[in-house]
């Protein structure tokens, strides 16, 4: 190819377009628009700065995209068959999860700002790309692992969970974690074990009543004498104690329905599972319900909350579960009839003071929507009896027509 | 312009810039017209080569002349009106290229290459030279404004390094550095005769 001369202007035209020269001359003669005063310029500059800041804020607060799998369906359960090869899942933010053979990992939520997995069994290694907008957490029964960007592995056994960090750091939370939370750094690990169930007590059954035909036997309907080894703790009279017979024979001890027993008391074989396990289970279900609700899977949330009320009705969190259920039924599923039942359950089981007022008020709201005006009025009177100047008094009046 | 009001004699046309500036400062409109007539074409030609767009170069020329007329009283050496005006014009070209770069980053710039170097080639230029000029246009478009202007003044306009430094209002070392930086980018694509 030919070289250009230096200077290049040797092969450029020297003439200029006279039309452009005339345009310049005309422009110079034209009256100039008045210059904007400085004060006005500053005002416009400030407006521009404010707009730029707003645009920047909106840009920063924009919703990131939901996490997706690059090698398969996003919400597929990751299960590696025992004895097979590990299963690797890669995600759109370059994070990856490796499930060891025999492991099962369930994606609960892959949202723009939250990624939640449940390690149901086995072991898995997580490599989370740091600096992303999503908060990763892994539920593994006894503990929850929260992470921003790191590499760590979790092994879940039947009664224990081990978390080991190889890069970055994680927070491990759980009822059984010392102080309920532990900050793990590189190279650190923690193993959380489920406490062994208390030893099964040997309960002697009361001696069978003596046969009627035996000499000196008591009538069959009369209480039999207790043995010396009669257990004291798990039993108590169900009814007011009957007057003792003249011979001072003690009443027959009778088993009662399950009732919270002293911590050190022996448990029956049919006693509910340990309180810690119930608390962990309830917490997991509440978390699952919360995630399901945020994912707008309301029926799944209802299922999780109802399972708390059915299986752990005595759990301290059951009231909160009932209240949440009521709000879900009323606000998201528009089923006020079910909401009424849920709010009544919340009131019965007890919720924190702030929620209690809401529970009373929202029960009125649900009854009002059902056009059960009489019941709504009675519920409203209940509300005003407790909260004459409550935060929701105005709304309750509107829903119930109580003056 | 105002030639009809004050018909210039041959002698007055030949007066130096010094006299014209003095008369323009005294309120003589013909003197301004005379300054315009003397300098508008060199300025327009150079700006066209610097920014590669004739229409934009015309706007910049008008802007540079207006600025020069408005600041005429600050010119200490009236005889140096030409170099001073050219300095203002080069500054305007620099500002325009910076603005163009920002618009390109924002995706708002529509290239208008009517006055690009390839379009300014003389009729005798070979097809290969025209192709080289087109390639040069594309390469120049990728350079930083200051580097592009320094290189264009040096290798397209043939200015000495000292003049490049004066026109771009920087030190000689800075001018050399800019030209070298641009040259490294351009050399990979365009062949030039002679030395830098």
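Values as computed for the structure displayed
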quantity: Counted residues, the range A:35-44 - those being within 12 Å of chain B (Cβ to nearest Cβ) and assigned to a helix (DSSP H, G or I); calculated: 0
quantity: Single residue of the range B:130-146 satisfying the filter (more than 19 Å from residue B:93 (Cα to Cα) and either in contact (Cβ under 8 Å) with a residue 40 or more places away in the chain or out of contact with any helix residue (DSSP H, G or I) (no Cβ under 6 Å at 6 or more places or on another chain) (or both)) that is nearest to the other protein chains (Cβ to nearest Cβ); calculated: B:132
quantity: Residues (part of a strand (DSSP E or B) and either touching a residue at least 60 places away in the same chain (Cβ under 8 Å) or crowded, with 23+ Cβ neighbours inside 10 Å (or both)) located in the range A:137-146; calculated: A:138, A:139, A:144, A:145
quantity: The range A:11-34, subset more than 9 Å from chain B (Cβ to nearest Cβ) and assigned to a loop (DSSP other than H, G, I, E, B), residue nearest to residue B:47 (Cα to Cα); calculated: A:30
quantity: Matching entry among B:135, B:108, B:97, B:103 (being modelled with pLDDT under 90 and surrounded by 15 or more Cβ atoms within 10 Å (Cβ to Cβ)); calculated: B:135
quantity: Selection within the range A:148-162 - closer than 18 Å to residue A:95 by Cα and crowded, with 23+ Cβ neighbours inside 10 Å; calculated: A:152, A:154
quantity: Residues satisfying the stated conditions in the range A:101-128, i.e. in a loop (DSSP other than H, G, I, E, B) and surrounded by 17 or more Cβ atoms within 10 Å (Cβ to Cβ); calculated: A:103, A:111
quantity: Members of the range B:168-185 that are under 15 Å from residue B:93 (Cβ atoms) and part of a loop (DSSP other than H, G, I, E, B); calculated: B:168, B:169, B:170
quantity: Residue match in the range A:67-79 (condition: in contact with a helix residue (DSSP H, G or I) (Cβ under 7 Å, 6 or more places away or on another chain) and under 24 Å from residue A:280 (Cβ atoms)); calculated: no
quantity: Index of the failed condition, residue B:103 passing every other in (1) without any contact (Cβ under 8 Å) to a residue 24 or more places away in the chain; (2) in a helix (DSSP H, G or I); (3) touching a helix residue (DSSP H, G or I) at 6+ places or on another chain (Cβ under 7 Å); (4) over 25 Å from residue B:68 (Cβ atoms); calculated: (3)
quantity: Of the criteria (1) within 10 Å of another protein chain (Cβ to nearest Cβ); (2) over 26 Å from residue B:141 (Cβ atoms), which one residue B:48 fails; calculated: (2)
quantity: Tally, over the range A:22-40, of residues that are more than 18 Å from residue B:67 (Cβ to Cβ) and either in contact with a helix residue (DSSP H, G or I) (Cβ under 7 Å, 6 or more places away or on another chain) or surrounded by 10 or more Cβ atoms within 10 Å (Cβ to Cβ) (or both); calculated: 2
quantity: Close pairs from the range A:64-75: first in a loop (DSSP other than H, G, I, E, B), partner surrounded by fewer than 12 Cβ atoms within 10 Å (Cβ to Cβ) and modelled with pLDDT of 80 or more, Cβ under 9 Å, at least 6 apart; calculated: A:70/A:94
quantity: Matching residues, the range B:32-88, being surrounded by fewer than 20 Cβ atoms within 10 Å (Cβ to Cβ) and in a loop (DSSP other than H, G, I, E, B); calculated: B:71, B:75, B:76, B:77
quantity: Single residue of B:70, B:64, B:3 found to be within 22 Å of residue A:23 (Cα to Cα), within 12 Å of chain A (Cβ to nearest Cβ) and modelled with pLDDT of 95 or more; calculated: B:64
quantity: Which listed residue, of B:121, B:114, B:127, is modelled with pLDDT under 95 and closer than 14 Å to residue A:7 by Cα; calculated: B:121
quantity: Search result, residues across the range B:108-128 that are at the interface with chain A (Cβ under 9 Å from one of its Cβ atoms) and touching a helix residue (DSSP H, G or I) at 6+ places or on another chain (Cβ under 6 Å); calculated: B:115, B:117, B:121, B:122, B:125
quantity: Any hit, the range B:84-97, residues being farther than 22 Å from residue B:68 by Cα and out of contact with any helix residue (DSSP H, G or I) (no Cβ under 8 Å at 6 or more places or on another chain); calculated: no
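The values are calculated or read from the model by the stated rules, or taken from the named source; none is laboratory data. All figures in this text were calculated on a predicted structure; none of them were measured in a lab. Cβ atoms come from the backbone with ideal geometry, glycine included; neighbour counts cover every protein chain shown.
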